[in-house]
1. Can you give the extra length, in nm with one decimal, that the chain gains between residue 494 and residue 349 once fully stretched, where that is 0.36 nm per residue apart less the Cα-Cα distance?
2. Normalised by the residues of the chain, what does the relative contact order come to in percent, with Cα pairs under 8 Å and at least six apart?
3. ³J(HN,Hα) across region 215-232 via Karplus (A = 6.51, B = -1.76, C = 1.60, θ = phi - 60°), whole Hz, x for Gly/Pro?
4. Note the listed values (i) 1.13; (ii) 2.40; (iii) 1.20, then indicate which one is Cα Rg over 2.2 N^0.38 Å calculated from this particular structure.
5. Take 209, 68, 440 and order them by how many other Cβ atoms sit within 10 Å, fewest up front.
6. What FRET efficiency would be calculated for the residue pair residue 378, residue 472, taking the C-beta separation as r and a Förster radius of 51 Å, to the nearest 0.05?
7. HN-Hα J couplings of region 106-119 from phi, Karplus 6.51/-1.76/1.60, θ = phi - 60°, integer Hz, Gly and Pro as x?
8. With 10 angstrom as the radius, rank 91, 15 by how many other C-beta atoms surround their C-beta, starting from the fewest.
Amino acid sequence: MEEKDYSKLRGKIIVTTLCFSLIPLFALGISIYHQFSVSYTDRIMEDLRTMVENRRSAIDLFFSERVSQLTTLAYTHSFDQLKQEGYLDKVFDIIQTRSKAFVDLGVIDQEGNQVAYSGPYKLKGLNYKKEAWFAAVMSRGVYISDVFMGFRKFPHFVIAVVRREGGQSWILRATIDTYIFDAMVRAAQVGKEGDAFVVNRQDILQTGSRFSGELLGKPDCPDFSASVGTSVEEIEWNGHKTLFAATTINNNKWVLVIKEDPEEALTPLLRGRYIAILIFIAGASIIVLGTILIARAMTARLIQADREKATLDSSLVQSSKMAALGKLAAGIAHEVNNPLAVIKEKAGWIKDLLEEEDVANSENYREIEDAIAKIDQHVERAKKVTHRLLGFGRRMEPLREMVDINKTLDETIGFLENEARYRNIDIRTDYLENLPVTRSDSTQLQQVFLNIIDNAIDAIGKNGEVKIKTGLVSNNSEIAITISDSGPGIPGEMLDRIFDPFFSTKKVGEGTGLGLAITYSIIEKLGGRITVESEGGHGTTFMVYLPTQER
């Protein structure tokens, strides 16, 4: 594997691990937050409902106590007693010692005349027969009015009860202290933006409002005047989401409204969300950092393992070669080199004799000299075969130098030109101009090209053509050298074994089977690759690929 392959693997490990780690964490966080948000929102709505209902109960109790006080007072005292102002003042003082909810107290006859009055205003002698509340209390017996201005020219509301005594009816009326009542309602206000107020069935404010309007005005909020029972809802109002709770009080006469800002109510939830986000970011950062470190450690260990494996494999292959070739080399050294040395020695001795003896004028002198030269030539040839065999068994590390492939090919062809010309074989070249150089071993590359071209010449035999072409492939990252011949080709069943040691397509005795095996080994050591294409009867093509190198 190359460095980019390890980088891709490391990236896949990181992405996969993060997906399996962060997605469940993110999904769990979203789910928990959603459930908590829903539960918390429901709790806020329920708390608001409880608040408005508790406040309604307090207000209803307030009115019930005030009505009970007036009813008890009316039915425990006679009209004649209460119409005496001095007596009425004493009764009012007694009531005020227990509760200061009343502003004044008045006694009104059935004609609407206020016959007695105890309070801060001068209202004795006024006639209320034409007032709306007078008719209502006379018909109902007990009546709590809406807030109105009346003779005082000041917003107030009254509670009145009727007693029928001796064939005549009279009314005991009390004015409620609006400050006390407003304070009861304002107690339901929550937060900086909270508000609480009471409206009647005409949607008129019966108490002051913090933000929604003035007393006896229209409130700046949705209309809840027709509400029945208790309701809690979130409404978009003036561009903001607002919580409203509404409930009916005073026998469905009035509606208590409580307004609350959900952002204030949800502040603990939002604070918890920010904390959860920070925890998630911190956790995710730890997971990402840990994943990257683990992935790097894994790929580093994998790289080390691959290198160790490659080294071990190479050592094993080399060891097996050496094991196989060691015996062969020893046999050759014993069986071939010794006879060759003797032959060479004898040939040299014969040559010395020719120089010492006066045989230059002999008719066979030239033939003897040629025979000696051929003996030397073939001895050297045999020694080269043994040298190649022993060289294959050795592990020779290539040099690293800048190599011009076109020039190296030309030099290699120069060694084989005479042989090719003798066999009437034409060697044609098609080089790419300005071909990039490669960092390699020119000597070993020359041996590779020599082996391939020499095999091509041997395959053709006579009267043929060898084509050599250079170019670039793989986005100019590799130099391609193509060597093809017009020979008989290689059968398909032999192609898979063409680079195996000791395998040869030549006749027995004509080849050692080491040339292409050595070629394959050299190309691999140089960081390149070699392939072969052939079809019986259509020649053979070898492709050698070497990495480019900038000058």
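Every number in this text was worked out from the coordinates using simple rules, so none of it is lab data. No experiment lies behind these values; they were computed from the predicted model shown. So basically every Cβ, Gly included, is an ideal-geometry build from the backbone, and we count neighbours across all protein chains shown.
1. On the way: separation 145, 0.36 × 145 = 52.20 nm, distance 4.68 nm.
Gain in length upon complete extension: 47.5 nm.
2. Working: 759 pairs, mean separation 48.2, N = 551.
It comes to 9 percent, rounded to a whole number.
3. 4, 6, x, 7, x, 8, 6, x, 7, 10, 5, 9, 5, 10, x, 10, 9, 9
4. Of the labelled values, this structure produces (ii).
5. 68, 209, 440
6. Numbers: r = 43 Å, r/R0 = 0.84.
With a Förster radius of 51 Å, E is 0.75.
7. Taking θ as phi minus 60°, the curve returns x, 10, 10, 7, 6, 8, x, 7, 7, 8, 8, 8, 10, x Hz for region 106-119.
8. Neighbour counts put them in this order, fewest first: 15, 91.
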